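Following: one structure in structure tokens, then a few remarks.
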Amino acid sequence: MDGREVTVPVCEFSKSGALRVVIVDESELSFVAGKARRNCKSGHYAVHWFARGNPGDAFGMTITKPASAESEVKGTLDETGKDAGLFWIKVKS
Amino acid sequence: MTGRCVWAAVLWAAVAQPAWSQSAGSETTALRDLRERATTATVDPSSRTRLVVPSIDFSAEIGKDKKSATAKAGFDLSPSLTGGFGVTGAFDESEDRSVLTSLRSLSPGSSVWASLTWKRYRVKALLKRQEQICRQAAWAEGKGLFDFKCRQSELPTTSFAEELAVKADDSNVGEVCDRFVYAIMTPGQFLSGTPVGIDCRATDDVILASVRDHAARGAIIDRSFADRAAVARGPAEQLAVCNDFRRTRGEPPVAECDISKFAKDEEWTLSWDAQFKAATPGAPSNAQAIAVCEKYERASGKVPTGSAACAPANPEELFDISFRERYATSYRWLGTPILSVRFEADRTSFNYLDAALAKQTETHAGHAWTATVGLLTAGDTLFALNYADARGWKAKPKTSLCRPVADTDATACADAVLGPPEARIHRQIEGEIKRRLTKSVGGALYVTRDMELDAWGVEVPFYFLKDGNGGWSGGIVASYRSDEKRYDVAVFVGQVFDLFK
């Protein structure tokens with residue numbers, strides 16, 4: 001440890017509705033009141049999401065920071081009450 | 001009547017203003033320090049505001065002898081731990097607020113309650129496999145990774161193999177035959193309708209045999225109109241090819257013909273042989289097959305060859321199984337364990353008639369502890385075991401009371417409660433099963449054992465009445481309790497069926 005502080009981009013996520021589990025870089029995000037954040041170094045990340053609820057329930061997720069990774073997923077559950085998917089984001093420092 | 005309240009957003013903004021979003025203008029040293037730490041690798045969770053209000057709900061319930069309204073709020077204390085509190089007001093003038101015959105109603109009057117629920121959604125996923133499937137799906141669509149949102153419910157449900165597969169209803173041989181017949185007719189035969197020896201209403205095999213006969217007698221079936229036009233010697237011969245082609249469409253000859261406008265037309269570019277093959281059941285048109293193969297080749301990481309034949313020699317998952325089916329098998333939900341405790345304090349006013357038939361009112365307070373252990377299965381069935389310990393009061397049952405009407409010989413009868421309420425202690429254990437039964441009906445089963453009363457009860461509600469949000473919030477309930485040996489069936493509204501709240 002040489003005492004230097006290294007600035008690492010912080011990714012900020014928000015989720016709503018029936019979105020239950022979000023996994024980024026193989027680790028599950030911990031959402032409190034629909035918000036989560038994690039440090040993310042520059043690079044490409046796959047964001048896996050899993051939704052589950054009552055048929056017709058809405059769900060959504062947005063990545064608000066950093067700007068390079070801004071993206072949004074939203075949808076409505078069909079009669080199975082389940083859905084899942086993934087997308088890739090780029091994080092630039 | 002359930003509604004998400006706009007106040008949730010206002011309260012959230014007021015209570016949950018997280019440290020990292022403080023404005024720079026009013027930044028104190030401590031806040032600045034916090035901001036700096038939040039942008040380094042060393043700090044993250046500590047800068048979260050832990051107490052927020054994600055939701056507030058209002059609901060109303062109308063029972064046989066009870067009208068009530070409830071307001072409740074939820075607090076996320078951690079990713080899996082939710083706190084809640086609420087207020088229920090009972091609004092009616094009934095002397096007996098016991099709902100139905102249920103053993104389950106512990107707090108008949110107005111109450112306040114607080115709860116703590118731990119619920120953990122779990123999923124087991126093959127993440128790398130999901131990424132592979134979505135990369136292939138993106139490339140199949142000709143899109144880059146960052147332009148593609150991979151969503152299971154939007155992935156194709158048919159495999160490449162199925163898209164190229166046989167469909168018995170897809171035969172188009174008769175239609176090709178009609179055009180072929182026009183092609184081999186002379187203009188005179190066309191106008192007079194002279195038969196040329198092919199019955200295009202016959203079976204595919206008979207038609208194809210007739211076509212082969214004509215080919216043997218000189219009909220050109222192995223070259224397309226485009227091929228013939230390309231080798232035409234001069235404009236007159238090219239015009240003849242054009243008019244032959246127009247005749248296949250039932251159109252009259254013209255003096256000038258622009259063949260370039262046919263360039264993308266399969267009927268122009270494909271030989272009769274190829275058209276009959278494409279029209280045979282199971283064979284998609286050449287262009288369709290090429291498009292499917294292009295997708296498959298891109299999904300395989302290859303440059304599209306323009307070939308209509310791309311089926312791999314051996315079974316291959318990418319070719320034989322649809323993207324959606326593959327994605328669906330890449331993960332599965334696990335059971336969701338649920339632990340919950342709840343404390344409820346209630347205050348109930350009881351109206352009754354005393355021994356002299358004078359109206360009396362008593363108000364009593366009670367309380368109840370409830371603990372729940374449950375599991376929401378991957379198939380969305382909720383199993384729960386509830387334990388309740390309650391100290392409360394219960395009105396005596398209503399009886400029919402008849403009294404003489406003054407100055408007449410008549411009597412008037414009405415339901416009334418005779419005698420003051422009795423203190424009650426409940427120690428109940430209850431099994432609960434709840435699930436969606438069909439697309440339009442949800443059901444539950446509660447079996448309750450009250451150790452203090454030495455009684456048991458059963459309650460079976462069916463939910464089918466929809467609320468404004470499309471969920472179920474009412475239906476019909478049947479119940480039974482052994483101590484009073486009473487059955488009841490009633491309509492209810494206001495109790496929302498939701499396995500996920």
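No value in this document is a laboratory result; all are computed from the given coordinates. Owing to the predicted nature of the structure, the values given are computational and were not obtained by experimental measurement. Every residue, glycine among them, receives a Cβ derived from its backbone with ideal geometry; neighbour counts consider all protein chains shown.
Go ahead and run the numbers for FRET between A:GLU70 and B:ALA263, Cβ-Cβ distance against an R0 of 30 Å, rounding to 0.05.
0.10
If you take every residue apart from B:TRP272 with its C-beta less than 10 Å away from the C-beta of B:TRP272, what net charge results, scoring Lys and Arg +1 and Asp and Glu -1?
0
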(request) Sequence neighbours fewer than 8 away in the same chain don't count; with that in mind, list the lysines whose C-alpha is under 16 Å from A:LYS65. (result) A:LYS15, A:LYS35, A:LYS41, A:LYS90, A:LYS92
(message) Can you compute the FRET efficiency between B:LEU445 and B:ARG347 using 1/(1 + (r/R0)^6), with r the Cβ-Cβ distance and R0 = 22 Å? Round to the nearest 0.05.
(response) 0.10
(message) Please enumerate, by chain and number, the lysines with C-alpha under 18 Å from the C-alpha of B:LYS396, excluding those fewer than 8 residues away in the same chain.
(response) B:LYS64, B:LYS66, B:LYS359, B:LYS485
(request) Could you state the orientation-averaged shadow area of the convex hull built on the Cα atoms of segment B:346-385, in nm² to one decimal? (result) 4.9
(message) Need one number: the % of Cα-Cα pairs in segment B:195-256 sitting beyond the 15 Å mark.
(response) 62
(message) Report, to one decimal in Å, the Kirkwood hydrodynamic radius for segment A:10-77 based on all distinct Cα pairs.
(response) 12.2
(request) Could you give log10 I(q)/I(0) at q = 0.15 Å⁻¹ for segment B:414-463, computed by the Debye formula over C-alpha point scatterers of equal weight, without solvent? (result) -0.62
(message) Within segment B:307-350, name every residue whose backbone N is under 13 Å away from a label modeled 7 Å from Cα of B:ARG129 along the Cβ vector.
(response) B:317-318, B:325-333
